[in-house]
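Before any comments, here is the structure.
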Amino acid sequence: MTAELNVLVVGNGGREHALALALSKDPAVTGLHCAPGNPGTAAVAKNHAVDATDGDAVVALARDLGVNLVVIGPEAPLVAGVADAVRVAGIACFGPSARAALIEGSKQFAKEVMNAAGIPTAESHYCTFDIEVAAALDAFGPPYVVKADGLAGGKGVVVTEDREVARRHAESSLPVVIEEFLDGPEVSLFAITDGTTAVPLQPAQDFKRVGDGDTGPNTGGMGAYSPLPWAPDGLVDAIMSRVVQPAIDELARRDTPFAGLLYAGLALTSRGLKVIEFNCRFGDPETQAVLSLLESPLGQVLYAAATGTLVDVGELEWKDGSAITVVLAAEGYPGRAVSGGAITGPRLAGSDDNVHIVHAGTDIRDGHLVAAGGRVLGVVAQASTLARAREDAYAAVDELDFPTGFCRRDIALRAERGEIPTPTL
Ligand code: AMP
Ligand code: GLY
């Protein structure tokens, strides 16, 4: 067993709250801090005000607290090089270097890595100038897929039948990647890696569009469930051997080893599995559902990944059953979200039954809990069946009083009804 772990989690969203909750259950974790954290993390960890993208500030705090593991949640500090700063200071860090984080930070870099490693993905054109856009759109035809090249908080992608909408998004977001449309159900697979060895988490599915029935604009994610009852046998092994391990090996070959969480977002298309995107961190809100099923001690696993000893960890252990996250967002999201709406109800300060609430964008004002972000809360339920988990999650949603909030009502509904045909690998 690892020595005692004093852990600092960097970030302030629902993913960081879920990470803090899972870390708090690891008996080796004797100290737990969040920077800056949120009102939810305050119930399980000590929050510290800090600019999460400022490497020097994070290092100073980590030293001050005497932590022996830093876990970086969001992409912005990773792309900004905060993990590099922590490692240079001699502190174990779970999270890739800035150069390795480019797998998420640049769509173009991700395509280069995939092409070099023979990883299946959508065909694409990289456009720097207006004049390249029309030809790229016409090369693929509708539905059009246009992606801003840099970080965009899940909102830089437009998928549309309307050529004019696609053209306008492309021309206002240059440089862009324009690519082939991928059909078929989407899967999020997370792998914890030390740069050489990789260990998968259970697969999940995320709901990107804001509205029921997958309508409206893309968001950071409106809900998720795990595992996938419709998944073909061997899905995780296929993704690990065709996608995750080749990507890790290619990044190591380029002398930018990836130590942290590699997130593969895939479409299981009629022509086989293909990568939609890589992210360099835990997905949000999939993490909230996935970690609620984890039995293995998360702190010890992340510490092994941060110290190059993941090979000793072996396969992760999971609870039976299913878990679901339903995100409550503030009116207006993913556009300008209404801030300051009051939130009351049970479980907001934590709970120990099969349902819990993670805070994503909340604040305390005048002693009251209010909305302070686009995605505000995640209601997480874990139960013996997906149907039961859905029922419990939506019952908990209905117990909340959050008049300026809304959620999708159909998270995991098609999976529960058995309406997703099992794709072939
Ligand atoms: P990304 O930010 O790359 O994950 O894209 C956000 C969402 O847009 C994905 O989860 C998909 O639902 C959709 N999307 C992205 N690329 C494609 C594609 N090539 N074909 C179909 N849908 C896509
Ligand atoms: N759930 C999508 C993301 O974290 O990017």
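Give me the net charge of Tyr144's neighbourhood, meaning all other residues with Cβ under 12 Å from the Cβ of Tyr144; Lys, Arg count +1, Asp, Glu -1. In short, -2. Comparing Thr196, Thr215, Thr362, which has the greatest mean-square fluctuation in the GNM of the chain with Cα pairs linked when under 10 Å apart? In this elastic network of the chain, the residue with the biggest mean-square fluctuation among Thr196, Thr215, Thr362 is Thr215. For the chain, taking Cα atoms only, Rg and Dmax work out to 20.4, 59 Å respectively. Computed from backbone phi, the HN-Hα couplings of the range 38-53 come to 8, x, x, 5, 4, 7, 10, 9, 9, 8, 9, 5, 7, 7, 5, 8 Hz, rounded to whole numbers (Karplus: 6.51 cos²θ - 1.76 cosθ + 1.60, θ = phi - 60°; Gly and Pro given as x). Seen from every direction in turn and averaged, the convex hull around the alpha carbons of the range 128-216 projects onto 7.6 nm². Build a GNM of the chain with springs between Cα atoms under 10 Å apart, and of Ser339, Ser24, Ser384 the one that fluctuates most is Ser384.
An ellipsoid equivalent to the range 46-124, defined through the eigenvalues of its Cα gyration tensor, has semi-axes of 30, 12, 9 Å when rounded to whole angstrom and sorted largest first. Per-atom-type breakdown for the chain gives carbon and sulfur 49% of the accessible area (1.4 Å probe, protein chains only).
The Rg/Rh ratio of the range 196-269, with Rg taken over Cα atoms and Rh as the Kirkwood radius over Cα pairs, comes to 1.04.
Rounded if a/c is under 1.5, else prolate if a/b is larger than b/c, else oblate: which is the range 245-299, with a ≥ b ≥ c the root eigenvalues of its Cα gyration tensor? Oblate.
For the range 169-301, the convex hull drawn through the C-alpha positions has a volume of 140 cubic angstrom per residue. Among the listed pairs Lys208/Lys319; Lys46/Lys147; Lys111/Lys208, those with a Cα-Cα distance over 32 Å are Lys46/Lys147. When the Gaussian network model of the chain links Cα atoms closer than 10 Å, the mean-square fluctuations of Gly141, Gly156, Gly195 top out at Gly141. Our helix-only sum for the chain, with -39,500 (n - 2.57) per DSSP H run of n ≥ 4 divided by its residues, gives a mean residue ellipticity at 222 nm of -8000 deg cm²/dmol.
Would you tell me the accessible area of Leu102, worked out with a 1.4 angstrom probe on the heavy atoms of the protein chains, in Å² to the nearest 10? Result for Leu102: roughly 60 Å² accessible.
Candidate cross-link partners of Lys25 among the aspartates and glutamates, defined by an alpha-carbon separation under 12 Å and a same-chain spacing of 8 or more, comprise Glu295, Asp352. Over the range 268-334, the hull volume per residue, using the convex hull of the C-alpha atoms, is 183 Å³. Its Cα gyration tensor gives the range 2-42 an equivalent ellipsoid. The semi-axes, each the square root of 5 times an eigenvalue, are 18, 10, 7 Å from largest down.
Accessible area per residue for the range 159-219, computed on protein heavy atoms with a 1.4 Å probe, is 38 Å². Starting from the Cα gyration tensor of the range 306-353, take the square roots of the eigenvalues, sort them a ≥ b ≥ c, and report rounded, prolate or oblate (rounded when a/c is under 1.5, otherwise prolate if a/b is larger than b/c, else oblate). Because a/c hits 1.5 or more and a/b exceeds b/c, the range 306-353 counts as prolate. For the range 330-425, the Kirkwood hydrodynamic radius from C-alpha pairs, put into Stokes-Einstein at 25 °C and a viscosity of 0.890 mPa s, yields a diffusion coefficient of 168 µm² per second. Sorting 10-16, 319-325 by average packing, meaning the other beta carbons within 10 Å per residue, from highest down gives 10-16, 319-325. Working ranking of peptides 187-193, 417-423 by packing, defined as the average number of other Cβ atoms within 10 Å per residue, highest first, is 187-193, 417-423.
The values are calculated or read from the model by the stated rules, or taken from the named source; none is laboratory data. Please read all numbers here as calculations on a predicted model, not as lab measurements. Neighbour counts are summed over all protein chains in view; Cβ atoms, including those assigned to glycine, are modelled from backbone coordinates with ideal geometry. Each accessible area value is taken on the protein alone, full model and side chains, heavy atoms only, with ligands, DNA and RNA left out. Shrake-Rupley method; radii C 1.70, N 1.55, O 1.52, S 1.80 Å.
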